[in-house]
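As structure tokens, the structure follows; a few thoughts come after it.
The values are calculated or read from the model by the stated rules, or taken from the named source; none is laboratory data. Here the structure is a predicted model, which means the values were calculated and not measured. Here the Cβ positions follow ideal geometry from the backbone for every residue, glycine too, while neighbour counts run over all protein chains shown.
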């Protein structure tokens, strides 16, 4: 069981690094692009920034899900996730906590999937906070320009 917990901790660390690099890079880009902005954001600009911020979050989550899927596929000795497509599917429903339950793993691997679900909750929350910060920035620019 400790082996699965350590593997889960390593995968959580990898996904946090991916998310940290991705979100920090995006925030730095936005800061450079809009640093000297004194006028309110136009609707089109606001929507584009929110769409791009959301799409970057989804792209980062997809990469993280693929990292987990690769680990499941390569390391699962029981062959429960025989194809990479099955591993990706299982990883998506686990990361998003959708959990259809149509695929269940053996004992130790169930612990790992629980860790992945917690990882997904944490990182989706992080993305939600990033989108909220973008909305807040747009709102404050509207208030300042009014």
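Only one entry of 44, 20, 79 meets the criterion of being over 22 Å from the mean Cα position of the chain (by Cα) and at negative phi, and that entry is 44. When 48, 30 are checked against the criterion of being touching a residue at least 12 places away in the same chain (Cβ under 8 Å) and either buried (at least 17 other Cβ atoms within 10 Å of the Cβ) or under 26 Å from residue 132 (Cβ atoms) (or both), a single residue qualifies: 30.
The single condition among (1) modelled with pLDDT of 90 or more; (2) over 22 Å from residue 100 (Cβ atoms); (3) touching a helix residue (DSSP H, G or I) at 6+ places or on another chain (Cβ under 8 Å) that residue 64 does not satisfy is (2).
Residues that are part of a helix (DSSP H, G or I), surrounded by fewer than 17 Cβ atoms within 10 Å (Cβ to Cβ), touching a helix residue (DSSP H, G or I) at 6+ places or on another chain (Cβ under 9 Å) and touching a residue at least 40 places away in the same chain (Cβ under 8 Å) do not occur anywhere in the stretch 81-92. Of the residues screened, residue 20 is not one that is assigned to a helix (DSSP H, G or I) and buried (at least 16 other Cβ atoms within 10 Å of the Cβ). Considering (1) at pLDDT below 90; (2) within 17 Å of residue 138 (Cβ to Cβ), the lone condition that residue 50 does not fulfil carries the number (1).
Would it be correct to say that residue 59 is touching a residue at least 24 places away in the same chain (Cβ under 8 Å), closer than 21 Å to residue 21 by Cα and loosely packed, with under 14 Cβ neighbours inside 10 Å? The answer is yes for residue 59. Of all residues in the stretch 99-125, those that are under 17 Å from residue 82 (Cα atoms), in a loop (DSSP other than H, G, I, E, B) and under 17 Å from the mean Cα position of the chain (by Cα) total 0.
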